[in-house]
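Worksheet: one structure, shown below.
A short reminder: the numbers here are calculations on the coordinates, not readings from a lab. Nothing here was measured: the structure is a model prediction, and the numbers come from that model. Glycine also receives a Cβ, built like all others from the backbone with ideal geometry; neighbour counts cover every protein chain displayed.
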Amino acid sequence: MKTSTLLGKLVILAVAAVLTAGCTPSAPVTTTVAQTEGITEAPAEAAGASIILSTTTSTQDSGLLDAILPDFTAKTGIEVKVVAVGTGAALKNGEDGNCDVVLVHARSDEEAFVADGFGLERFDVMYNDFVLLGPVGDPAGLKADHQDDAAAALKALSESKTVFVSRGDDSGTHKKELEIWAEAGIEPAGEWYVEAGQGMGPVLTMANEMKAYTMTDRATYLAMKADLDLEIVVAGDEGLLNQYGVIAVNPDISENINAEGALAFVDWILSAETQSLIGEYGIEAFGEPLFFPNAIKR
Amino acid sequence: MSVIADGFQQAFQLIVSGDGEMLAIMFRSLTVSLSAVGLASLIGLPLAAWLCHVRLPGRRAFELIVFNLMSLPTVVIGLIVMLTLSRSGPLGSLGLIYTAKAMIIAQFILTLPIVVGLSYDLMRRNGKRVLELAVTLGAGSGKKTRLLLREFTPGLALSSITAFSRAIAEVGAVMIVGGNIRHHTRVLTTAITLNNSMGEYGMAIALGLILLVLAFGVNSAIYFLSGKHRENRT
């Protein structure tokens, strides 16, 4: 008796495991259903009841979205369902028609996304910057020698084989890190190069535990700073700037796409009011803004 | 739909070509979970047998506790082990965080109550005759424990295998304490999670299929073992 129920559970678990691995991320699947309902229930209502925003973990984990999205919902009556994943997966969600709008930070990928017909038009929204972190005291001495030269700093780490924790998850931050390695002319590999395959938060915890160096967006670092024995060792390099773009997904991809809701979102996030909301976020909690709005006035 | 079709095609290519990283991840999964369950069985099975026949005040309370521990959520185990092994934690000086050893510890904690709970339940329900026989033979505590273990070997193996299937399929604890580090602590479940989030569905499906085959293999073993077990007893 006991065994058979257990067996049943295990089979269900196993099947569920494969289903989640086989499909696109499970969250959009469930939300698509809700969205379809919204459309069929209220066809007259222009924008529909909700949109799905596929974005990077940084906008979610930094608390920015929680701070600004209620304003959008208050103004338009449209609920935003946020799917926070890596930039690669966020764009993929758009390609598969599993979301209505994307807010990500990998410019060349975004431009390709539009060029390939998956997105309508790309707009700059805001930027933040990446920083290199090291253990307090900076044992590798990056601060002294390469304070504003990220490529030279990474090169120094690779030469001294100092432990560096990489996101290793194909996220926007990971791609940025790889760009800088490429700029330094190094293909990082070896015991000292730790490929975590996790989000920014877990990677910061890991670097903290290992007394290692890592690269992060400033927002996540500021949000977690209190619990970390890590300090900024390299910042301000032009190559460390991180531009976010917003793109409405091309409604031709799928009939489930809420195009009007998506365009309303794009208009809203580019509006002067929202832009100042973005610029104010973080000042109260961290003493400095986390994102710098730079949408071009339309 | 093409995502799924492409994914499966890629997955089969990976499996057929015996992709090195994929195989390494599979062996790491097996090593970690087998070690954890091995340790849990080594300690848990004799412990359960001993607890069956020893005078135990508050037996009800003990049974309730073990029964509840059998459903410890893996993320909670991960959190506890992480906090214990982290640099600032009580056992931080051991330097075990983000190692395979930490993952084995977490899965040991996960599987020990399962091994103890299932095997204790089995021997407590069906062990009366064996224990009466043991008393007539004048057996001491150690002898009684050994007799129980010998008599119920197939059922005990079953409880270990059940624990193994739970261990190999869990992602919460190994993700937290192992950190999913490539070439070091990345196992089937954490690799599937990562590849899914990267949109690398081919690799995710390949690893998922391997995990399925392992899980089904284990369940088949449970099926046959329990079948044989029943035959022996009638």
note = Listed by chain and number, the residues whose amide H is under 5 Å from that of residue A:79, excluding neighbours fewer than 5 places away on the same chain and using placed H, are A:50, A:51
remark   = Given backbone amide H placed at 1.01 Å from N, residues whose amide H is under 5 Å from that of residue B:181, ignoring those fewer than 5 places away on the same chain, are B:186
request  = Evaluate the relative contact order of segment B:29-187 (contact order divided by residue number), counting alpha-carbon pairs under 8 angstrom at least 6 apart; express in whole percent.
outcome  = 39
key: Quarter of Cα convex hull surface for segment B:29-187, i.e. mean projection, nm²   = 9.9
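Between the DSSP loop rule and a limit of at most 15 other Cβ atoms within 10 Å, which trypsin sites (Lys or Arg not before Pro) in segment B:23-128 are left?
Within segment B:23-128, the qualifying trypsin sites (Lys or Arg not before Pro) (loop, at most 15 other Cβ atoms within 10 Å) are B:55, B:87.
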query = How many Cβ atoms of partner chains, on average, are near each residue of B:179-190 if near means within 10 Å of its Cβ?
reply = 5
query = Which length gain, in nm to one decimal place, applies between residue B:56 and residue B:224 when the Cα-Cα distance is subtracted from 0.36 nm times their residue separation?
reply = 57.1 nm
note = Here the FRET efficiency for residue B:67 versus residue B:94, based on Cβ atoms and R0 = 35 Å and rounded to 0.05, is 0.65
ask   = Near the amide H of residue A:197, under 5 Å away, which other amide H atoms are found, from residues 5 or more places off or on another chain, if H is placed in the peptide plane?
value = A:168, A:169
message = Past 18 Å, Cα to Cα: identify those pairs from A:92/A:175; A:143/A:211; A:175/A:225, in the order given.
response = A:175/A:225
Euclidean distance between Cα centres, segment B:143-182 to segment A:156-235, Å = 36
ask   = Among B:141, B:88, B:119, which one moves the most in a GNM of chain B with springs linking Cα atoms closer than 10 Å?
value = B:88
note = Here segment A:165-172 yields Karplus 3J(HN,Hα) values (6.51, -1.76, 1.60; θ = phi - 60°; whole Hz; Gly and Pro given as x) of 9, 9, 4, x, 10, 6, 7, x
ask   = Name the residues of segment A:165-187 whose amide N is less than 19 Å from a point 7 angstrom out from the Cα of residue A:145 along the C-beta direction?
value = A:165, A:180-187
message = On C-alpha positions alone, give me the angle between the axis of helix B:201-233 and the longest principal axis of chain B, in degrees, nearest 10.
response = 20
query = When Lys and Arg each count +1 and Asp and Glu each count -1, what net charge do the other residues less than 13 Å away from residue B:111, Cβ to Cβ, add up to?
reply = 0
query = How high is the FRET efficiency between residue A:161 and residue A:231 when r is their beta carbon distance and R₀ equals 30 Å, given to the nearest 0.05?
reply = 0.90
For segment B:132-143, Karplus couplings with θ = phi - 60° (6.51, -1.76, 1.60), whole Hz, Gly/Pro x = 4, 4, 4, 5, 5, 7, x, 6, x, 4, x, 5
note = Other residues with Cβ under 11 Å from the Cβ of residue A:268 give, with Lys and Arg +1 and Asp and Glu -1, a net charge of -2
query = Which residue, B:48, B:40, B:24, has the most motion in a Gaussian network model of chain B that connects Cα atoms within less than 10 Å?
reply = B:24
ask   = Under 19 Å Cα-Cα from residue B:144, which aspartates and glutamates qualify once same-chain neighbours fewer than 8 residues away are excluded?
value = B:121, B:132
inquiry  = I'd like the mean, over residues of B:194-207, of how many other protein chain beta carbons sit within 10 Å of each residue's own Cβ.
reply    = 6
ask   = Between residue A:71 and residue A:109, what length comes free when the chain is fully extended (0.36 nm per residue of separation minus the Cα-Cα distance, one decimal in nm)?
value = 10.8 nm
